[in-house]
Amino acid sequence: MTSTTTAPAWTFRNHWVAHVATHALMRPERPALRFRGESTSWAQLSDRSRRLAAALAERGVGEGDRVALLTLNHPWFVEAVLAANSLGAMAVPLSFRLAPPELDYILADCTPAAVVVDAPLAPLLAATEQAAAVGATVVVGEAEQPVAGEPFEELVAAHEPIDVPDVPEDAVALIMYTSGTTGRPKGVMLTHRNLQVQALTCIRAMEMFDDSDVGFLTAPFFHIAGLGSTVANLLVGATTVIHPLGAFDPAAVLDAYEAEGATVVFNVPQQWDLICAQPDIAERDLRLRIISWGAAPASDATLQAMGEQFPDALNVAVFGQTETSPITCVLRGAESRRKLGSVGRPIPSMQVRVVDEEMRDVPAGEVGEIVYRGPNVMQGYWNKPEETAAAFDGGWFHSGDLVRQDEEGYLWVVDRKKDMIISGGENIYCAEVENAVASHPDVLEVAVIGRSDERWGQVPVAYVTIGAQAAELTLSDLNEHVSGRIASFKLPKDLVVSREPLPRNAGGKVVKGALREQDRAAG
């Protein structure tokens, strides 16, 4: 006789809400998250996120809505993402490093039904015009001054958890904002399926075959590197240690590695330089088995130092972008030295071509744009159908990265069509900075380029032309004017002023190559 009883629909789903619910049943007391020495178990994570979901639903949040998150790194962020996704809503992480006008644009674009904000960041939210249009505000922690909104913990305590939901894998889980060449941010729509492919990529690259690993997170959650490195832990049931954000302190990070027994860690190359230079590193009791890096190139000296300080750990480099969830290429172990400067080979789930402007494949060794197809490629840009269509021109996602590929399939990035600067792992788009600098009344024209920097990898440098009658313009004067229009890490670190026009080609575009040559010659 066949039973008519069926398993709950969510048990057939493959996304992080279902995975957390599974771990809550199978390993309820095991730590899912660790923060400042305190644990959140899998049972607590599932229960608390579904209680918050009930509170959000009561306040009108439903399927297809957006829930914005303006927070630092902590467990409440993860709970809020799971709560939003439990309702079929999309979580929208926001960078607390943005200036109010930048934040205001994103809020106007995504029109969140609710926002979760850390109490100390509430003044930043309040400084935006769009804050008044948000339906519900949930405040994490306590502020020195009263802030508008309902306390996170009170909402969790006052509601019963909703049932584990049946959310389809093709539903949008996240909208991650990344700046475009026009200077306006674009919301990258990532589905649950995108993120599960990312999880499988990490599991394969990091050899995460069971729940014994302890992942360590230093990247901010508003970066895809933050959530992108967490999703594998949520799938296999491994613990994620969330390190508090702030100025990078290599000694404190090593202390935390020791105390938490970290096994899988990621840092940008500049951070690895600082870690490897610690004088007591050889005396540390560390369990690191995967030392991963990305977001910027690593030098031979950096790779050598990593190998010397962590001889038993596997060195793994990852490459990609927000639109691809993010990893598209991986470089592992000894290949990091043999293929110095390479971003690795494409992951197995990704279709990759290197093409010219006519979408024709270029021969090995020649430069072309890398284009992608695969289940980890975004659904599109939120509210931007034209930009989405352009990004998928010809049926492939156009990365904007110009690369060359060798006969073995390894890839090297040689330039960026998107004219992007990577500074300390942060992406700075020249057009954003140029738009802000151009608002100064004395600036007639401006071009921003990246300059190599030992500490940050690259820093933005502004070349400007000022009017004949204008007084001399200094870097401090310019940045005082620009401050508040763009985030502080995007401010020019040097200024080159001229009363002569910038070099342009026959099409009227500034020849940035000439400026880069001039900058190198002057350096």
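The values are calculated or read from the model by the stated rules, or taken from the named source; none is laboratory data. Please read all numbers here as calculations on a predicted model, not as lab measurements. Ideal geometry is used to build each Cβ from the backbone, glycine not excepted, and the neighbour counts take in all protein chains shown.
Observations
- Among the residues here, Glu408 qualifies as surrounded by fewer than 16 Cβ atoms within 10 Å (Cβ to Cβ), modelled with pLDDT of 95 or more and over 25 Å from Met90 (Cα atoms).
- Out of Val156, Val197, sole residue that is touching a Leu at 6+ places or on another chain (Cβ under 7 Å), closer than 30 Å to Ala7 by Cα and surrounded by fewer than 23 Cβ atoms within 10 Å (Cβ to Cβ): Val156
- Residue in segment 483-490 that is within 19 Å of Gly450 (Cα to Cα), in a loop (DSSP other than H, G, I, E, B) and under 31 Å from the mean Cα position of the chain (by Cα) present: yes
- Residue-level check: of (1) surrounded by 13 or more Cβ atoms within 10 Å (Cβ to Cβ); (2) of a type in the set (D, E, K, R); (3) in contact with a strand residue (DSSP E or B) (Cβ under 7 Å, 6 or more places away or on another chain), Glu500 misses just (1).
- Residue identified as of a type in the set (Val, Ile, Thr), outside the structural domain of Asp170 (by TED's automatic domain parsing) and touching a Pro at 6+ places or on another chain (Cβ under 7 Å) among Thr324, Thr328, Thr388: Thr328
- Checking Phe209, Phe222, Phe216 one by one, the residue that is under 27 Å from Gly37 (Cβ atoms) and at pLDDT below 95 is Phe222 and no other.
Table: residues versus (1) assigned to a helix (DSSP H, G or I); (2) on the phi > 0 side of the Ramachandran plot; (3) not β-branched (Val, Ile, Thr).
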position: Ala225; (1), (2), (3): yes, no, yes
position: Leu234; (1), (2), (3): yes, no, yes
position: Val253; (1), (2), (3): yes, no, no
position: Ala259; (1), (2), (3): yes, no, yes
position: Gln271; (1), (2), (3): yes, no, yes
position: Pro279; (1), (2), (3): no, no, yes
position: Arg287; (1), (2), (3): no, no, yes
position: Ala298; (1), (2), (3): no, no, yes
position: Glu323; (1), (2), (3): yes, no, yes
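- Within this structure, Val264 passes the test of being in contact with a helix residue (DSSP H, G or I) (Cβ under 9 Å, 6 or more places away or on another chain) and in contact (Cβ under 8 Å) with a residue 40 or more places away in the chain.
- The number of residues in segment 424-458 that are of a type in the set (A, V, I, L, M, F, W, C), crowded, with 20+ Cβ neighbours inside 10 Å and in a strand (DSSP E or B) comes to 6.
- Total residues in segment 226-242 satisfying the condition of being within 14 Å of Ala205 (Cβ to Cβ) and surrounded by fewer than 24 Cβ atoms within 10 Å (Cβ to Cβ): the figure is 1.
- Residues satisfying the stated conditions in segment 414-427, i.e. in contact with a Pro (Cβ under 8 Å, 6 or more places away or on another chain) and at pLDDT below 85: none
- Filtered residues of segment 3-30 (kept if in the same structural domain as Val172 (by TED's automatic domain parsing), surrounded by fewer than 19 Cβ atoms within 10 Å (Cβ to Cβ) and of a type outside the set (S, T, N, Q)): Ala7, Pro8, Ala9, Trp10, Phe12
- Within segment 243-294, being within 23 Å of Glu207 (Cβ to Cβ), over 23 Å from the mean Cα position of the chain (by Cα) and among the small types (Gly, Ala, Ser) holds for one residue alone: Gly261.
- Leu45 vs. criteria part of a helix (DSSP H, G or I), touching a residue at least 24 places away in the same chain (Cβ under 8 Å) and either surrounded by fewer than 17 Cβ atoms within 10 Å (Cβ to Cβ) or in contact with a strand residue (DSSP E or B) (Cβ under 7 Å, 6 or more places away or on another chain) (or both): yes
- Of all the listed residues (Ala301, Ala317, Ala305), the sole one being without any contact (Cβ under 8 Å) to a residue 60 or more places away in the chain, small (Gly, Ala, Ser) and touching a Ser or Thr at 6+ places or on another chain (Cβ under 8 Å) is Ala317.
- Members of segment 111-120 that are crowded, with 22+ Cβ neighbours inside 10 Å and part of a helix (DSSP H, G or I): none
- The residue of segment 357-382 that is surrounded by the fewest Cβ atoms within 10 Å (Cβ to Cβ), among those that are within 28 Å of the chain's Cα centre (by Cα) and assigned to a loop (DSSP other than H, G, I, E, B), is Pro375.
- Looking across Ala91, Ala57, one residue alone is closer than 16 Å to Val138 by Cβ and in a strand (DSSP E or B). It is Ala91.
- Any chance Glu63 is among the charged types (D, E, K, R), part of a loop (DSSP other than H, G, I, E, B) and in contact (Cβ under 8 Å) with a residue 24 or more places away in the chain: yes
- Pair list, Cβ < 7 Å and 6+ apart or interchain, from segment 375-395 residues that are in contact (Cβ under 8 Å) with a residue 24 or more places away in the chain to residues that are in a loop (DSSP other than H, G, I, E, B) and of a type in the set (S, T, N, Q): Pro375/Ser349; Asn376/Ser325; Asn376/Ser349
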